[in-house]
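Notes follow the structure.
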Amino acid sequence: MKRLIEGHKKFLAEIFPARKSHFHLLAERQAPEWLFITCADSRVLPDLILGTEPGDLFISRSIGNVVPITSHDVDGVTATIEYAVEVLKVRDAIVCGHSDCGALKAALDLKSLENLPKARRWLEQVEAAFAYRQPLNPADGESAELASLIRGNVVAQLKNLQAQAPVRHAMEEGRLTVHGWYYDILTGRIEEYDEGLKRFVALAERVQR
């Protein structure tokens, strides 16, 4: 806790004063442009990776960057999606998976979740990843099999996102675009799933739309 307290003191002394006016605006309202659905993994820091500021991203985090499609349960992810699309009117929604994802490791070895019943039930929703797993990429080295499954999960959850009623309606109205990303922790690079090509391509090389 000492480290967190010292960090907060530094924020109050050095960061907040220089950006006081910005935070004052945020205290009254938020108007994020992007909904960012990603994993709870501590190594994924959206603002650091994307150079975004407070107020830019509306973020939903859960293990495995899962977007549930069941209609019987109430869950934080789909409630967040509904709010982002219907109230905040975000223009883009992004599902972002990442390398070395523990959730997908567990999907390959469900025995590891024997003592984690809630996590096991939640991760049943990544099973579709096996149907969408991507071709092995030699650049992923010994992690190629896992990486192909993680990318497959991005595709699976992207389809789940598109199936959400608010998302589907917003897309039909032309006010929302959805994206599937894969973030490589080792290289810092992001890949985006290209629906036309049916494969992931480097985000930094994408033509701006």
Fewest-first ordering of I150, I94 by Cβ atoms within 10 Å yields I94, I150
Note on the chain: contact order normalised by length, alpha-carbon pairs under 8 Å, 6 or more apart, percent, works out to 19 percent
For the stretch 118-183, averaging the sequence separation of alpha carbon pairs under 8 Å that lie six or more residues apart and dividing by its residue count, the contact order in percent is 29 percent
Quick note on D184, D92, ordering by fewest other C-beta atoms within 10 Å, gives D92, D184
For the chain, using Cα atoms only, the Rg and Dmax in Å read 18.1, 51
Hydrodynamic calc, the stretch 109-188: Kirkwood Rh from Cα pairs, then Stokes-Einstein at 4 °C with viscosity 1.567 mPa s, so D in µm² s⁻¹ is 89 µm²/s
For the stretch 180-188, in residue order, the Karplus 3J(HN,Hα) values (coefficients 6.51, -1.76, 1.60; θ = phi - 60°; whole Hz; Gly and Pro = x) are x, 10, 10, 9, 9, 5, 5, 9, x
Close lysine pairs (the chain; alpha-carbon distance under 23 Å; 8 or more apart or on separate chains) counted at 7
Under the Karplus relation with 6.51, -1.76 and 1.60 and θ = phi - 60°, whole-Hz ³J(HN,Hα) for the stretch 19-27, x at Gly and Pro, equal 10, 4, 5, 5, 5, 5, 5, 5, 5
Under the Karplus relation with 6.51, -1.76 and 1.60 and θ = phi - 60°, whole-Hz ³J(HN,Hα) for the stretch 166-172, x at Gly and Pro, equal x, 5, 4, 5, 5, 5, 5
Taking placed amide H atoms and a strict 5 Å upper bound, the residues 5 or more places from T177 or on another chain that come that close are D92, A93
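Only the coordinates and a few stated rules stand behind these numbers; no lab work does. Computed from a prediction, not measured in an experiment: that's the story for all the values here. Don't worry about glycine lacking a Cβ; one is built from the backbone with ideal geometry, like all the others, and counts go over all protein chains shown.
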